[in-house]
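**Q** Here it is: the structure, laid out below.
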Amino acid sequence: MTESCFTLLAKDGKARRGRVSTAHGHVNTPAFMPVGTAGTVKAMLPESVAATGAEILLGNTYHLMLRPGAERVAALGGLHKFMNWPKPILTDSGGFQVMSLSELRKITEQGVEFRSHLDGRKHMLSPETSTQIQDQLDSDITMCFDECTPFPATPDQAAQSMRLSMRWAVRSRDAFRRRPGYLQFGIMQGGIYEHLRQESARALVDIGFEGYAIGGLAIGEGQIEMFRILDFAPDFLPEDRPRYLMGVGRPADIVGAVSRGIDMFDCVMPTRAGRTGAAFTRFGELNIRNARHATDPRPIDPNCTCPACTSYSRGYIHHLNKAKEIVGAMLLTWHNLHYYQELMQGLRRAIEAGTFAEFVMDFEAGQARSDL
Ligand code: GUN
Ligand code: ZN
């Protein structure tokens, strides 16, 4: 039996309002998890990340195993203490990052052999080692070790890859140390194929996890195709468990996925964009590097209550960005994370109030404005 760590509080259409309970506290869903890859949300102190309203962070097995090493983090009290983030942490299992970052990868039934992108040294990640590393990090939510099926893939390629991930899911579950407040999520694969998504969901539910992720999306298929898959994939998963869409996304992707029954998200978008000059707002995206902001005394968004918008002009942040000043990245990252968390709070309140459809209409009308 799996422990119930999820309470479904309200529904509006397919959109769900819930709460995930972990050893380090509750997470209200729909939730957005800022990415803290290497033990830091880039350009933010953890207390500032908490001030934006974030209740959970994502950490990466791949990065932390290579530097500083899981044993070092464990010896220093676990990832929460190490990085001064006392709230819940979810860790990705490393398979996805190995494929995008490391060199000379070799996938076998056993796992993935690879060379570190840092120093070229050889490492092995398997369902067992990934699960053990996430345990050493003291992750509240451990992810199964999987293969993110590349896009595009033929039905046969997607099936082979998904079935390998399902065999790995059995081994990940066997390696997971069960204890109260600690959750493990299975990851659905199957590419763009409905019958494979269903087969994958059945395999995972058969094993039994505290939550379920949908993997293998937002990897080049585009929003229309992703939404087509999200029209059926969440329905294959149990109603009483959290659903996490991995690596998504832009604000419009999140709103569309919540309306299709997704509860949790992570993405580098708000933090990475903040370091390259992009700001997300109720009125769409703007790039502060654009020359028209150079002499603009207005804040990014006059209605935003983040530190960047309450105290600094577009002209100043434009200057910081052009001069590559670190504070420029800090202010934009803060604004973006604040915007994302406010969006999630808006989604949660709308689902509770039964006004989700109106919220989506207002969101879409706002994003279409072009007078930024
Ligand atoms: N991050 C984004 N997509 C994926 C996926 O399919 N698997 C894993 N483990 N992480 C991801
Ligand atoms: Zn702001």
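**Q** Considering only the range 282-293, how many residues are within 10 Å of His318 (Cβ to Cβ) and out of contact with any Lys or Arg (no Cβ under 8 Å at 6 or more places or on another chain)?
**A** Within the range 282-293, residues that are within 10 Å of His318 (Cβ to Cβ) and out of contact with any Lys or Arg (no Cβ under 8 Å at 6 or more places or on another chain) number 4.
**Q** Looking at Ile262, Ile219, can you tell me which residue is more than 16 Å from ligand 2 (Cβ to nearest atom) and in contact with a helix residue (DSSP H, G or I) (Cβ under 8 Å, 6 or more places away or on another chain)?
**A** From the options Ile262, Ile219, the qualifying one is Ile262.
**Q** Please go through the range 314-366 and pick out each residue that is in contact with a Phe, Trp or Tyr (Cβ under 7 Å, 6 or more places away or on another chain), surrounded by fewer than 22 Cβ atoms within 10 Å (Cβ to Cβ) and without any contact (Cβ under 8 Å) to a residue 60 or more places away in the chain.
**A** Gly346
**Q** Then there's this: Of (1) in contact with a His (Cβ under 7 Å, 6 or more places away or on another chain); (2) within 15 Å of ligand 1 (Cβ to nearest atom); (3) open to solvent by less than 60 Å² (accessible area, probe 1.4 Å), Val98 satisfies all except one. Which?
**A** Only one criterion in (1) in contact with a His (Cβ under 7 Å, 6 or more places away or on another chain); (2) within 15 Å of ligand 1 (Cβ to nearest atom); (3) open to solvent by less than 60 Å² (accessible area, probe 1.4 Å) is unmet by Val98, namely (1).
**Q** Working only within the range 224-257, note down all residues that are crowded, with 23+ Cβ neighbours inside 10 Å, within 16 Å of the chain's Cα centre (by Cα) and of a type in the set (Lys, Arg).
**A** Arg243
**Q** Can you pull out the residues in the range 353-372 that are within 21 Å of Ala10 (Cβ to Cβ) and under 23 Å from the mean Cα position of the chain (by Cα)?
**A** Phe356, Phe359, Val360, Phe363, listed by residue number.
To keep it simple, each residue is scored yes or no on (1) crowded, with 24+ Cβ neighbours inside 10 Å; (2) within 13 Å of ligand 1 (Cβ to nearest atom).
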residue	(1), (2)
Ser130	yes, yes
Asp135	no, no
Asp138	no, no
Leu164	no, yes
Glu221	no, yes
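**Q** Restricting to the range 1-32, what's the tally of residues that are surrounded by fewer than 22 Cβ atoms within 10 Å (Cβ to Cβ) and either among the basic types (Lys, Arg) or at pLDDT below 95 (or both)?
**A** 7
**Q** Would you call Thr142 over 16 Å from Val41 (Cα atoms), outside any strand (DSSP E or B) and in contact with a helix residue (DSSP H, G or I) (Cβ under 9 Å, 6 or more places away or on another chain)?
**A** no
**Q** Quick check, is Glu210 without any contact (Cβ under 8 Å) to a residue 40 or more places away in the chain and either away from ligand 2 (no atom under 16 Å from the Cβ) or over 14 Å from Phe236 (Cβ atoms) (or both)?
**A** Answer is no for this residue.
**Q** When the residues of the range 194-219 are filtered to those that are closer than 17 Å to Ala169 by Cα and under 19 Å from the mean Cα position of the chain (by Cα), which remaining residue is surrounded by the most Cβ atoms within 10 Å (Cβ to Cβ)?
**A** So, considering only residues that are closer than 17 Å to Ala169 by Cα and under 19 Å from the mean Cα position of the chain (by Cα), the one surrounded by the most Cβ atoms within 10 Å (Cβ to Cβ) is Gly216.
The values are calculated or read from the model by the stated rules, or taken from the named source; none is laboratory data. The structure displayed is predicted, hence computed values, not measured ones. Every residue, glycine among them, receives a Cβ derived from its backbone with ideal geometry; neighbour counts consider all protein chains shown. The area values use the complete protein model at the heavy-atom level, side chains included, leaving out ligands, DNA and RNA. Shrake-Rupley method; radii C 1.70, N 1.55, O 1.52, S 1.80 Å.
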